[in-house]
């Protein structure tokens, strides 16, 4: 089953959660769940990192740990929140020799992003000898290193939790930074997907500058096209993106790559307000790339052509 099909099933199944459990303010279908406790509201996020899917065996442990934490923190930023604490669960290959270093680096990056590790769980996968069935599968194929990071956060104190389901016709569509080429080797040797900074200060500035006029927001992890399509579906609107307006990362000349590569971890958001060309707090570029209309779907206009954007990007379960 494709990831998008599984997610649609989960979202449909979960539509009545808030009615059944009033303390659930936002469930599946947003970057973070939102839970109201007697004392406060918490943002909850869990994200996975899988060897051979999100990093290679040659990736340095420090960058693996950094990306594992930063991915989940990015969703807190996409919800207008602040991270508080983290939990880390790891499934280690048999006889894994780097466990101490791995968890030390996870702790380092969790503290760096102001969400110290407060717990977790460790398991190991079976060795090839222990695995069921025959065949000549290698240990690496049977036992990839897998990390699962959970983050607890708080929503912005005045704006509150920013959802992806509240874009309105008449909004403009904006994105921070630039898109495309995140997997291209850079100074780290592995690409920007390993070294990006979650847009926490930009998110905070947007919440404070626009308040309730910041209508909807999410981060771009699976590609601009696919994620903008998800925002449109969640908000039950139509999104139109101008291909010529998409900000391209250095060495990227094709807007289709910028819309499809994924692993950008930039903020995608809607608002009726007019914004400056950069975040006043950090100088990060902010680009208006499209608009929100009545209807459904997400298209990218390239001259006179209108292309379906919802399939541009990554979808687990698709070859």
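Bear in mind that the values in this text are calculations on the coordinates, not laboratory data. Here the structure is a predicted model, which is why all the values come from computation and not from measurement. Cβ atoms come from the backbone with ideal geometry, glycine included; neighbour counts cover every protein chain shown.
For the options 238, 164, 13, a Gaussian network treatment of the chain with springs between C-alpha atoms closer than 10 Å singles out 13 as fluctuating the most. For the chain, the gyration tensor built on C-alpha atoms gives a prolate shape. Its axis ratio a/c (a ≥ b ≥ c) is at least 1.5, and a/b is the larger of a/b and b/c.
Placing pseudo-labels 7 Å out from each Cα toward the beta carbon at residue 123 and residue 253 gives an inter-label distance of 4.9 nm. Using a Gaussian network model of the chain in which every pair of alpha carbons under 10 angstrom is joined by a spring, one finds that among 153, 170, 225 the greatest mean-square fluctuation is at 170. You can think of it this way: the chain between residue 18 and residue 184 has 55.6 nm of extra reach, that is 0.36 nm per residue less the Cα-Cα gap.
Would you list 210, 217 from fewest to most Cβ contacts within 10 Å?
Values: 210 17, 217 27.
Ordered by Cβ neighbours within 10 Å, fewest first: 210, 217.
For region 172-308, what mean projected area does the convex hull of the alpha carbons give, in nm²? Show your work: numbers first, answer last.
Details: hull surface 31.8 nm².
Across all orientations, region 172-308 yields a mean hull projection of 7.9 nm².
A Gaussian network model of the chain, with springs between Cα atoms under 10 Å, assigns the largest mean-square fluctuation among 172, 158, 235 to 158.
Return 162, 46 ranked ascending by Cβ neighbour count within 10 Å, so the fewest neighbours appear first. The partial results should precede the final answer.
On the way: 162 28, 46 14.
The order, fewest Cβ neighbours first, is 46, 162.
Summary value for the chain: 21 percent relative contact order, contacts being C-alpha pairs under 8 angstrom separated by 6+ residues.
What is the Cα radius of gyration of region 1-81 over 2.2 N^0.38 Å, N being its residue count? Could you put the intermediate results ahead of the total?
Details: Rg = 15.7 Å, N = 81, 2.2 N^0.38 = 11.7 Å.
Computed over Cα atoms of region 1-81, the ratio equals 1.34.
Relative contact order for region 172-308: 42 percent, from Cα pairs under 8 Å spaced at least 6 residues apart, divided by residue count.
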